[in-house]
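> Please read through the structure below; I'll follow up with questions.
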Amino acid sequence: MKYYSSLILVFLSFFFFSCEHHENALITTENDEIVTANLSIPQVYVSDKGLTISQTIDGKSGGSISFDSSFVNNEGDTIKICVKLTILPNSFVGLKEIQMIPNVEEGSIQFFPEMVFDKKLQLDLSYTGLDLANLGYNQNSQIDFVYQADNGNVEFLSNNGCKVIWNQSKIFVQNALLQHFSRYAFVRKSS
């Protein structure tokens, strides 16, 4: 009986200590590595350039990709990244590996592969711990969230709120509607 009790204890210990939970995990850029390997959750690749969050989505059934974690950049600053991309059913055809590449140095995010959707995707994005002054913001800044073309042209996106919270070093957008994948960024509103 003592043998079976020990065996059960070892099994339970292995089970509990091997479970992975990456929400609110701390990620560094010291090594290129895959942080997650479960296909039902996003895979996170870390490099000296930042993060790539990747997940395969079936366009017919839709789904969502969520990431909520702290990231230590090359300067040693801890930045909290919280992103959720919601893909409605029948937004595109087939299986696609969706990649999100947040850029905390510019307050932007880029998506791959480049494609246009039959239904708009919904994006919630926030960065906390940024050097807002370095990004050109002050405590009175008002911001918007835009598609930013390579030539510098911008296209304003419908959203349910976009703000700077100065005392938390935070910028966020709620429910930004994306018609295509490309590069999107926070920009200061003209006064």
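The values are calculated or read from the model by the stated rules, or taken from the named source; none is laboratory data. Since this is a predicted model, take the numbers as computed values, not measurements. Cβ sites come from the backbone with ideal geometry, for glycine too, and all protein chains shown count toward neighbours.
> Search region 97-112 for residues that are among the charged types (D, E, K, R) and pair each with any residue that is part of a strand (DSSP E or B) when their beta-carbon atoms are under 9 Å apart and the residues are at least 6 apart or on different chains.
E97/S54; E97/Q55; E97/T56; E97/I57; E97/F112; E105/G50; E106/A185; E106/F186
> Going through Q179, Q174, Q110 one at a time, which residue ends up being in a strand (DSSP E or B), surrounded by fewer than 19 Cβ atoms within 10 Å (Cβ to Cβ) and in contact with a Gly (Cβ under 7 Å, 6 or more places away or on another chain)?
Q174
> Could you count how many residues in region 141-188 are closer than 13 Å to Q110 by Cα and aliphatic (A, V, I, L, M)?
The qualifying residues number 4.
> Could you check region 74-107 and list, in sequence order, the residues that are in a strand (DSSP E or B), among the hydroxyl-bearing types (S, T, Y) and either in contact with a helix residue (DSSP H, G or I) (Cβ under 6 Å, 6 or more places away or on another chain) or closer than 22 Å to I57 by Cβ (or both)?
Correct list: T86 only.
> Name the single residue, out of those in region 48-73 being under 18 Å from the mean Cα position of the chain (by Cα) and outside any strand (DSSP E or B), that is surrounded by the fewest Cβ atoms within 10 Å (Cβ to Cβ).
Taking the candidates together, the pick is D48.
> Which condition number does A149 fail, the rest of (1) closer than 16 Å to K84 by Cα; (2) in contact (Cβ under 8 Å) with a residue 24 or more places away in the chain; (3) exposed (fewer than 13 other Cβ atoms within 10 Å of the Cβ) being met?
(1)
> For region 29-42, indicate whether the set of residues that are under 20 Å from R183 (Cα atoms) and modelled with pLDDT of 50 or more is non-empty.
yes
> Here's something else I'd like to know. When region 113-146 is examined, which residues are found to be in contact (Cβ under 8 Å) with a residue 60 or more places away in the chain and surrounded by fewer than 20 Cβ atoms within 10 Å (Cβ to Cβ)?
Listed by number, the residues that qualify are P113, E114, M115, V116, F117.
> How many of the residues in region 156-165 are closer than 19 Å to L135 by Cβ and surrounded by fewer than 15 Cβ atoms within 10 Å (Cβ to Cβ)?
Selection size over region 156-165: 3.
> Restricted to region 133-191, and to residues that are more than 19 Å from V116 (Cα to Cα) and among the aliphatic types (A, V, I, L, M), which residue is farthest from the chain's Cα centre (by Cα)?
Among residues in region 133-191 that are more than 19 Å from V116 (Cα to Cα) and among the aliphatic types (A, V, I, L, M), the one farthest from the chain's Cα centre (by Cα) is A133.
> Taking only region 133-154 into account, find how many residues are touching a Phe, Trp or Tyr at 6+ places or on another chain (Cβ under 7 Å) and part of a loop (DSSP other than H, G, I, E, B).
Total meeting the criteria: 1.
> Related question: Looking at F92, F111, F117 in this structure, which one is at pLDDT 95 or above, within 13 Å of Y184 (Cβ to Cβ) and aromatic (F, W, Y)?
Every option except F111 fails the conditions.
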